[in-house]
Amino acid sequence: MNIPVNSERLARNFIELCEIESPSREEGRIAARLKEIFTTLGAESIYEDNSAAATGSESGNLIIHFAGRGPKANEKGFFLSSHMDTVRPCAGVKVVRKDDLFTSLGNTILGGDDKSGLAAIIELLEILRENKLDHPPLELLITTCEELGLLGATALEYDKIRSPYGYALDANGINTVIVQAPAACKFEITVHGRAAHAGMAPEKGVNALMLAAKALAPLPTGRIGNNSTRNFGRIEGGVAFNIIPDEVKILGEVRSLDNNRVPIYLDEITDSFQAVINAWLPTEETVGFTPTFTFKQLGRYPALNLPGESEVLERVHTAGRMLDRTITEAIGGGGSDANILSDNGLPTAVLSTGMAAVHTVEENITLKDMVSVTEILVALATAEQHYPQVT
Ligand SMILES: [Zn+2]
């Protein structure tokens with residue numbers, strides 16, 4: 001299959017989108033520009049949902065519909081999804097192009113995460129239109145605040161979505177589709193002891209740091225089995241050499257491909273802290289005082305588990321065959337909007353876009369890889385499949 005990607009047009013659109021700063025919650029400008037672009041490309045409807053109240057963003061998510069063409073217009077179609085926010089630093093982002101490699105100036109991220117996905121979608125729509133290719137109805141879900149913990153996708157107005165499944169363009173690598181990704185839960189534990197002068201009156205103190213250390217020590221971290229990981233990533237508390245610390249905070253996370261394992265690994269943590277508190281013995285000077293701890297979840301998302309036999313994967317492998325390439329199924333290490341969309345009944349596979357070194361100022365991407373993902377999108381949209389017709 002020969003797909004006429006206009007690589008210079010793709011590059012131009014990519015650079016333009018990257019240079020519109022859009023850190024999470026400040027997506028107003030890019031949302032406005034995307035509305036213009038998709039209007040020009042002939043969108044049937046452009047809807048900005050009401051998620052902004054929940055996310056605190058300048059913009060809602062964009063739900064955009066393109067009518068199908070030819071016999072495929074009666075199929076149910078699918079959606080393509082990208083997020084329009086980026087991480088920081090992104091102030092004054094400028095794209096540097098050296099041959100086919102795009103980077104930033106080195107003082108900001110590039111924003112290929114996830115503007116490579118947006119640029120590929122725009123090029124897909126250009127190609128479908130200028131070549132009058134038959135395709136099913138296409139829906140775009142362009143989310144906000146993905147980088148803050150999938151907030152836009154969580155607050156998406158799901159009753160507005162027409163497609164039964166789709167693809168999130170949001171992974172590094174190329175010719176890869178992520179079919180599984182872990183559930184995760186972030187948490188903060190606070191241990192409350194009692195302050196006292198460490199030299200003059202140690203008997204009056206209850207050392208929160210030592211209690212935390214005892215509770216943490218027996219808990220396995222790293223890969224803890226069952227496709228799960230656990231980490232304690234930050235500890236803070238205490239005041240000075242000579243003061244018994246009365247408060248210590250610990251930040252950590254648990255991830256697992258199995259949704260059911262997450263609460264089990266969290267319970268192990270609270271059980272360990274509770275056991276240490278229960279075993280604590282007062283001195284004469286601390287009678288009447290009991291140390292305590294609090295456990296607060298700071299955000300969680302469910303696992304992504306696409307069934308092996310599903311239309312969403314069947315279509316992507318059909319697209320691969322059309323292009324004479326193998327699209328490799330992979331397990332992702334982190335969450336994306338696909339976790340949330342799938343959990344809301346919209347099976348979503350994550351396609352790689354070639355983005356590399358994301359979330360760093362070394363972020364980069366090649367035009368060749370963006371052309372390659374655009375070709376996959378065109379193949380997805382033009383694949384001959386016997387999908388259920390709208391009845
Ligand atoms: Zn991303």
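The values are calculated or read from the model by the stated rules, or taken from the named source; none is laboratory data. The shown structure was predicted, so the numbers you read here are calculated from the model rather than taken from an experiment. Here Cβ is always computed from backbone atoms with ideal geometry, including for glycine, and neighbour counts include all displayed protein chains.
Is there a residue being β-branched (V, I, T), more than 20 Å from the chain's Cα centre (by Cα), crowded, with 21+ Cβ neighbours inside 10 Å and farther than 28 Å from E157 by Cα anywhere in the stretch 327-345?
Yes, the stretch 327-345 contains a residue that is β-branched (V, I, T), more than 20 Å from the chain's Cα centre (by Cα), crowded, with 21+ Cβ neighbours inside 10 Å and farther than 28 Å from E157 by Cα.
Among the residues in the stretch 140-150, are any of a type in the set (G, A, S) and touching a Ser or Thr at 6+ places or on another chain (Cβ under 8 Å)? Full working, then the answer.
Residues of the stretch 140-150 that are of a type in the set (G, A, S), as a first pass: 149.
Among the residues that remain, those that are also touching a Ser or Thr at 6+ places or on another chain (Cβ under 8 Å) are: none.
No, there is no match, as no residue in the stretch 140-150 is of a type in the set (G, A, S) and touching a Ser or Thr at 6+ places or on another chain (Cβ under 8 Å).
Does I224 fit the bill of being out of contact with any Gly (no Cβ under 7 Å at 6 or more places or on another chain) and either over 17 Å from F295 (Cα atoms) or in a loop (DSSP other than H, G, I, E, B) (or both)? Step through it out loud before you land on a result.
On the way: out of contact with any Gly (no Cβ under 7 Å at 6 or more places or on another chain): yes; either over 17 Å from F295 (Cα atoms) or in a loop (DSSP other than H, G, I, E, B) (or both): yes.
Yes, satisfied.
Each row is one residue, and each column tells you yes or no for (1) in a strand (DSSP E or B); (2) at pLDDT 95 or above; (3) exposed (fewer than 14 other Cβ atoms within 10 Å of the Cβ).
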| residue | (1), (2), (3) |
| --- | --- |
| A43 | no, yes, no |
| I46 | yes, yes, no |
| N50 | no, yes, yes |
| A54 | no, yes, no |
| E58 | no, yes, no |
| I63 | yes, yes, no |
| A73 | no, yes, no |
| S81 | yes, yes, no |
| G92 | no, yes, yes |
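Is the stretch 143-158 home to any residue that is more than 23 Å from A54 (Cβ to Cβ), touching a Gly at 6+ places or on another chain (Cβ under 9 Å) and surrounded by fewer than 23 Cβ atoms within 10 Å (Cβ to Cβ)? Before the answer, list the steps.
Within the stretch 143-158, the subset more than 23 Å from A54 (Cβ to Cβ) is none.
No, the stretch 143-158 contains no residue that is more than 23 Å from A54 (Cβ to Cβ), touching a Gly at 6+ places or on another chain (Cβ under 9 Å) and surrounded by fewer than 23 Cβ atoms within 10 Å (Cβ to Cβ).
Any chance the stretch 192-211 includes a residue that's closer than 25 Å to S272 by Cα, without any contact (Cβ under 8 Å) to a residue 60 or more places away in the chain and out of contact with any strand residue (DSSP E or B) (no Cβ under 8 Å at 6 or more places or on another chain)?
yes
Check the stretch 189-211 and report whether any residue there is touching a Gly at 6+ places or on another chain (Cβ under 9 Å) and charged (D, E, K, R). Can you show your working first?
So the first thing to find is which residues in the stretch 189-211 are touching a Gly at 6+ places or on another chain (Cβ under 9 Å), and the list is 189-191, 193-198, 205-211.
Restricting the remaining residues to those that are charged (D, E, K, R) gives 194.
Scanning the stretch 189-211 turns up at least one residue that is touching a Gly at 6+ places or on another chain (Cβ under 9 Å) and charged (D, E, K, R).
Residues of the stretch 347-368 being away from the ligand (no atom under 12 Å from the Cβ), surrounded by fewer than 23 Cβ atoms within 10 Å (Cβ to Cβ) and not small (G, A, S), which ones?
The answer is P347, T360, V361, E362, N364, T366, L367, K368.
For the structure I just gave you, tell me whether T229 is farther than 22 Å from G335 by Cα, in the same structural domain as G193 (by TED's automatic domain parsing), polar (S, T, N, Q) and modelled with pLDDT of 95 or more.
Numbers: farther than 22 Å from G335 by Cα: no; in the same structural domain as G193 (by TED's automatic domain parsing): yes; polar (S, T, N, Q): yes; modelled with pLDDT of 95 or more: yes.
Spelling it out, it is not the case that T229 is farther than 22 Å from G335 by Cα, in the same structural domain as G193 (by TED's automatic domain parsing), polar (S, T, N, Q) and modelled with pLDDT of 95 or more.
Mind checking which residues of the stretch 129-146 are part of a loop (DSSP other than H, G, I, E, B), within 16 Å of the ligand (Cβ to nearest atom) and polar (S, T, N, Q)?
Pass one, the stretch 129-146, residues part of a loop (DSSP other than H, G, I, E, B): 131-134, 136-137, 144-145.
Right, trim to within 16 Å of the ligand (Cβ to nearest atom) and you get 144-145.
T144, the sole residue that qualifies.
I'd like the residue in the stretch 69-124 that is in contact (Cβ under 8 Å) with a residue 12 or more places away in the chain and of a type in the set (D, E) and, out of all such residues, is farthest from T154 (Cα to Cα).
D100
Give all pairs with beta carbons closer than 7 Å in which a residue from the stretch 286-309 that is at positive phi meets a residue that is at pLDDT below 95; count only pairs at least 6 apart in sequence or on separate chains.
G299/G149
Do you know which residues across the stretch 163-210 are part of a strand (DSSP E or B), within 16 Å of the ligand (Cβ to nearest atom) and within 15 Å of the chain's Cα centre (by Cα)?
Applying the first criterion (part of a strand (DSSP E or B)) to the stretch 163-210 yields 166-172, 176-181, 183-192, 194, 196-197, 206.
Next, from what is left, pick out any that are within 16 Å of the ligand (Cβ to nearest atom): 166-172, 176-178, 181, 184.
Correct list: Y167, A168, L169, D170, A171, N172, V177, I178, A181, A184.
Within the stretch 123-140, can one find any residue that is on the phi > 0 side of the Ramachandran plot, over 14 Å from the mean Cα position of the chain (by Cα) and modelled with pLDDT of 95 or more? I'd like the intermediate steps shown before the answer.
As a first pass, look at the stretch 123-140 and keep what is on the phi > 0 side of the Ramachandran plot: 132.
If we keep only those that are over 14 Å from the mean Cα position of the chain (by Cα) as well, we get 132.
From what's left, modelled with pLDDT of 95 or more: 132.
Yes: the stretch 123-140 contains one or more residues that are on the phi > 0 side of the Ramachandran plot, over 14 Å from the mean Cα position of the chain (by Cα) and modelled with pLDDT of 95 or more.
Could you tell me whether the stretch 360-379 includes any residue that is under 30 Å from E130 (Cβ atoms), of a type in the set (S, T, N, Q) and assigned to a helix (DSSP H, G or I)? So that I can check it myself, show each step before the final result.
Within the stretch 360-379, the first condition is being under 30 Å from E130 (Cβ atoms), and the residues that meet it are 364-379.
Restricting the remaining residues to those that are of a type in the set (S, T, N, Q) gives 364, 366, 372, 374.
Restricting the remaining residues to those that are assigned to a helix (DSSP H, G or I) gives 372, 374.
So far as the stretch 360-379 goes, yes, one or more of its residues are under 30 Å from E130 (Cβ atoms), of a type in the set (S, T, N, Q) and assigned to a helix (DSSP H, G or I).
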